[in-house]
1. Of the conditions (1) in a helix (DSSP H, G or I); (2) at pLDDT 95 or above; (3) closer than 27 Å to Gly19 by Cβ, Trp183 clears all except one; give me its number.
2. Looking only at strands (runs of 3 or more DSSP E) that fall completely inside segment 1-105, which ones have 2 or more residues that are out of contact with any strand residue (DSSP E or B) (no Cβ under 9 Å at 6 or more places or on another chain) and at pLDDT 95 or above?
3. Which residues, counting only those in segment 285-312, are part of a loop (DSSP other than H, G, I, E, B) and either of a type in the set (S, T, N, Q) or surrounded by 13 or more Cβ atoms within 10 Å (Cβ to Cβ) (or both)?
4. Within segment 410-431, is there a residue that is among the aromatic types (Phe, Trp, Tyr), touching a helix residue (DSSP H, G or I) at 6+ places or on another chain (Cβ under 7 Å) and crowded, with 18+ Cβ neighbours inside 10 Å?
5. Please work out if Arg330 is surrounded by 14 or more Cβ atoms within 10 Å (Cβ to Cβ) and touching a strand residue (DSSP E or B) at 6+ places or on another chain (Cβ under 8 Å).
6. When you go through Leu54, Leu74, Leu47 one by one, which is the residue that is touching a helix residue (DSSP H, G or I) at 6+ places or on another chain (Cβ under 9 Å) and surrounded by 20 or more Cβ atoms within 10 Å (Cβ to Cβ)?
7. How many residues are surrounded by fewer than 24 Cβ atoms within 10 Å (Cβ to Cβ) and part of a strand (DSSP E or B) if we restrict to segment 107-129?
8. I'd like the full set of residues that are of a type in the set (Gly, Ala, Ser), within 19 Å of Leu392 (Cα to Cα) and in contact with a helix residue (DSSP H, G or I) (Cβ under 7 Å, 6 or more places away or on another chain), limited to segment 351-378.
Amino acid sequence: MDNLEFSKKNEPITAIMLGCGDRGLNVYGAYALERPNQLKFVACADLSSSKRTLFAKQHRIPENYVFKSDDEALKAGKVADAIFICTMDQLHEKEVLPALDLGYHVFLEKPMAITESGCRTIVANSVNLGKILTVGHVLRYSPLFSKVKQLLEAGAVGEITNIRHSENMGTWVYAHSFVRGNWENSVKTSSLILQKGCHDLDLIYWFADSPPTEVSMFVTPTPFSEKIAPKDAPVRCTDGCDYAETCLYEAVRFYLQGKFVMLDNTRSESRLVRAIFRLALKYPRLARTLIPPLKKYQLVPWRRWPTAQVSDDLSDEGIMNALREGPYGRCIYHCDNDQPVSHVCNILFENGCTATYILHGMSYRDGRELRIDGTKGTIKAFFYNTGFYVELYDHLTGKTKRWHLKLETTAGGGGDYKIVDEFINAIRGISAAPIAPQESLVSHLMAFAAERSVKNHSVEKIQI
């Protein structure tokens, strides 16, 4: 569709949603509800009846535009200006290509696809067809990483010599998503370095401002397997386990109480947040009585991610039923998982800059830490769900400057809505696409090279 059709700024861009799960419903769906002049969902599709029904209800979508599958939605032809694809990684390629052929502008959750050839094909088709393809690399738009880029472009550290970036997944994040959850098995979905890592590899490439040329990676295998399961540990945590009181991953405490996410909030940069969650952990009923919004916003008892993914019925009984029958109630040692718990990735860039990326799942806090050293200074950045800040150390003066940035509550650290704004503006012809698909491809190529490095025990070249 020609951009000239969007000259009327007050008309919302229409869109179809493929995948009405967490990101589709609670991020991009929420954006449309909060900014109705910008975006309007007119159709949706999901394999889950409850998910698509809820999405359709929230967005007042007519029944004939509520589809039971991606195939059904795409066979209906072009029904909107854009399409948001928030399905599982292994489905992306078969959804994006026909969507582009139909004439949709595409917002695609990362990763683009689970193979290098698939990613290259998607990018080439979007360019050849002249359609906007935006991959959800939302971290570039977060206030913290935007500040880091601003300092780099201002020459604050001089010539960059080294980048060290660590993604410290909380133990509960690794266990939920990559042992029990949707991405437990890299053969069935995608590797952790691609699924999770392409966010951070994109940031490193953005900061280095130079094409990557070589990559190597080492990994630590998962510590959870049936071979090393404690003696007589049942297949499910709900079957009665002798280790329940001492097991960090016991599913009832993990999901019904949400203990470990709440513990993370007790480490917030905000004194108020710390105090509230300390009270809630010790005296949950008192906390709900004294602070009614805790119950309203599903904070006490905890009914947000990851608990919200366990069951559509978030009552105690509904969660317990899901733990007895679904994947999240399995013993941590009795899952079909193969994702490494730790990755150390080394990268060389064309301009001579080197980088180390650590991605691991045994952190006491969930977040990211960044250090960039250059000829004039050093930047340190701390990105946690409970607080952000950036430090700049000047080599010449010895002075340090710190910026405390606004605490953002969205998973993308405040970048989710900003990238959608840019996507919509690009469709309207107001500005260029947020991130060119060729740019987004680079982090995927880094991830695929890292996978080859592990397999071949080698340093791998990157062909962009």
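The values are calculated or read from the model by the stated rules, or taken from the named source; none is laboratory data. Quantities reported herein were computed from a predicted structural model and do not represent experimental measurements. Positions of Cβ are generated from backbone atoms using ideal geometry, with glycine treated the same way; all protein chains shown enter the neighbour counts.
1. (1)
2. Of the strands (runs of 3 or more DSSP E) lying wholly inside segment 1-105, none has at least 2 residues that are out of contact with any strand residue (DSSP E or B) (no Cβ under 9 Å at 6 or more places or on another chain) and at pLDDT 95 or above.
3. Answer for segment 285-312, where residues must be part of a loop (DSSP other than H, G, I, E, B) and either of a type in the set (S, T, N, Q) or surrounded by 13 or more Cβ atoms within 10 Å (Cβ to Cβ) (or both): Ile291, Gln298, Leu299, Val300, Pro301, Trp302, Arg303, Arg304, Trp305, Pro306, Ser311, Asp312.
4. Yes, segment 410-431 contains at least one residue that is among the aromatic types (Phe, Trp, Tyr), touching a helix residue (DSSP H, G or I) at 6+ places or on another chain (Cβ under 7 Å) and crowded, with 18+ Cβ neighbours inside 10 Å.
5. yes
6. Result of the check over Leu54, Leu74, Leu47: Leu74.
7. 0
8. Ala355
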